[in-house]
Amino acid sequence: MQTAVLTEDLEFEFEERERPTPASDEVLVEMTDVGICKSDVHYWEHGKIGEYVVEDPLLLGHESAGVIAAVGDDVEGLDIGDRVALEPGIVCGTCEHCRRGEYNLCPNVDFMATPPFDGAFAEYVVWPANLAHVLPDSVSQVEGALCEPFAVGLHATRRGSVGHGDTVAILGGGTVGSVTMEAARAAGATDIIVADIVDSKLERAEEHGADATVNVREGDFAATVDEYTDGRGADVVFEATDSEPDVEALIDAARRGGTVVMIGLADEATVEVDALEIITNELDVLGSFRDANRYGPAIDLLAEGAADIEWIADFTEPLANVKEAFERAHDDDDAIKGMISIGE
Ligand SMILES: NC(=O)C1=CN([C@@H]2O[C@H](COP(=O)(O)OP(=O)(O)OC[C@H]3O[C@@H](n4cnc5c(N)ncnc54)[C@H](O)[C@@H]3O)[C@@H](O)[C@H]2O)C=CC1
Ligand SMILES: CC(=O)[C@H](N)C(=O)O
């Protein structure tokens, strides 16, 4: 089968590999669609993220969907031909976090496209059957692949306890900010303010339901939220940029007793914080990392039409053009999400 490998020299090479065979609890999936995450672009550009270093050839791509081509002997409830989204983290199931149900915090996770674990830029992937989520007819393959970032947004809105009638402010209108907007709306938020530094991102957010936007190169995030809410502030504020977090702005944008949820993983995130602002305003400042048990809700919301995420995918290239696709994902500030299509 064909694969696109990122070499130790950070070049893409096409490599013919043997088609894998599923173990008894696995499925063989013929891949169709894989999203390009900014983490993939970061590995291609820098060869590392934090402690994870590309030391051996690596398959990128962890936002993936395909069609089941074979099932292991012990697999129940999945059949050849089922269209599936693959949840990318294989967790240990036995650590404290797994047992608590917060398996996104499992320290023993093997996460797709995170060295040394391969991702989905391949014609076929074998994957644990319990991490292959069947897509109903009304959910497309692209949406299936985008369930990964959508699950991140659903987890973040759950962390922030977004509720009916809430006002939500989101700093960052890229993939994570956009799916968080969709997740917040589905959770009942009625007013959503999105901020970015790229006007086209803000236009896209407005087209898809943002009630107010601000380019923080020209305007002030907290002041915009303040004005929109008549001085009250947002119930929940999300940080979804890839820049050093402006924690002061996040805190200022939250109402007294409100919540700040930090999702963005900047290379440099050591910041000064006025703790008294947090204490005297009784703010909850939370982190949000990946997701646990959000694929089911993600698929249900998409199937019901309660959220729309396909709009974030703005270009698709075949696996053969993976380098061009990465160049565009890197260079084109107007593009939110690039997709790789695999196979026919
Ligand atoms: N905590 C988690 O579970 C996850 C975190 N991430 C992280 O979230 C961050 C965002 O990821 P994506 O949305 O995929 O990236 P992206 O590149 O699609 O979006 C980032 C957006 O932030 C905007 N931006 C950059 N600096 C800004 C600033 N100072 N103020 C306002 N907007 C600004 C950019 O213009 C862009 O639209 C990344 O750091 C990524 O690593 C991604 C996935 C999961
Ligand atoms: C941080 C990422 O972008 C990625 N989704 C991951 O969970 O590793």
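A few comments on the model shown:
- ASN130 vs. criteria away from ligand 1 (no atom under 16 Å from the Cβ) and either in a loop (DSSP other than H, G, I, E, B) or not assigned by TED's automatic domain parsing to the domain that holds TRP44 (or both): no
- Looking only at region 237-250, and only at residues there that are surrounded by fewer than 21 Cβ atoms within 10 Å (Cβ to Cβ) and more than 11 Å from ligand 1 (Cβ to nearest atom), the one that is nearest to ALA156 (Cα to Cα): VAL247
- Matching residues, region 268-314, being within 19 Å of the chain's Cα centre (by Cα), part of a loop (DSSP other than H, G, I, E, B), under 25 Å from GLY233 (Cα atoms) and of a type outside the set (Gly, Ala, Ser): PHE289
- Note on region 222-267: residues that are of a type in the set (Ser, Thr, Tyr), touching an Asp or Glu at 6+ places or on another chain (Cβ under 9 Å) and either assigned to a helix (DSSP H, G or I) or not assigned by TED's automatic domain parsing to the domain that holds VAL176 (or both) amount to 1.
- Filter result for ASP56 (within 30 Å of ASP332 (Cα to Cα), loosely packed, with under 15 Cβ neighbours inside 10 Å and more than 16 Å from ligand 1 (Cβ to nearest atom)): yes
- Residue within region 273-292 that is closer than 30 Å to GLY338 by Cβ and among the β-branched types (Val, Ile, Thr) present: no
- Check on VAL84, within 16 Å of ligand 2 (Cβ to nearest atom), of a type in the set (A, V, I, L, M) and closer than 21 Å to GLY296 by Cα: no
- Qualifying strands (runs of 3 or more DSSP E) (wholly inside region 161-221; at least 1 residues being of a type in the set (Lys, Arg) and away from ligand 2 (no atom under 16 Å from the Cβ)): none
- A count restricted to region 70-86 and to residues that are closer than 15 Å to THR32 by Cβ and surrounded by fewer than 11 Cβ atoms within 10 Å (Cβ to Cβ) stands at 1.
- Screening ASP73 with (1) on the phi > 0 side of the Ramachandran plot; (2) without any contact (Cβ under 8 Å) to a residue 60 or more places away in the chain gives one miss only, at (1).
- THR213 being away from ligand 1 (no atom under 13 Å from the Cβ), of a type in the set (Ser, Thr, Tyr) and farther than 26 Å from ALA292 by Cβ: no
The values are calculated or read from the model by the stated rules, or taken from the named source; none is laboratory data. Given the structure is predicted, the values throughout are model-derived calculations rather than measurements. Ideal geometry is used to build each Cβ from the backbone, glycine not excepted, and the neighbour counts take in all protein chains shown.
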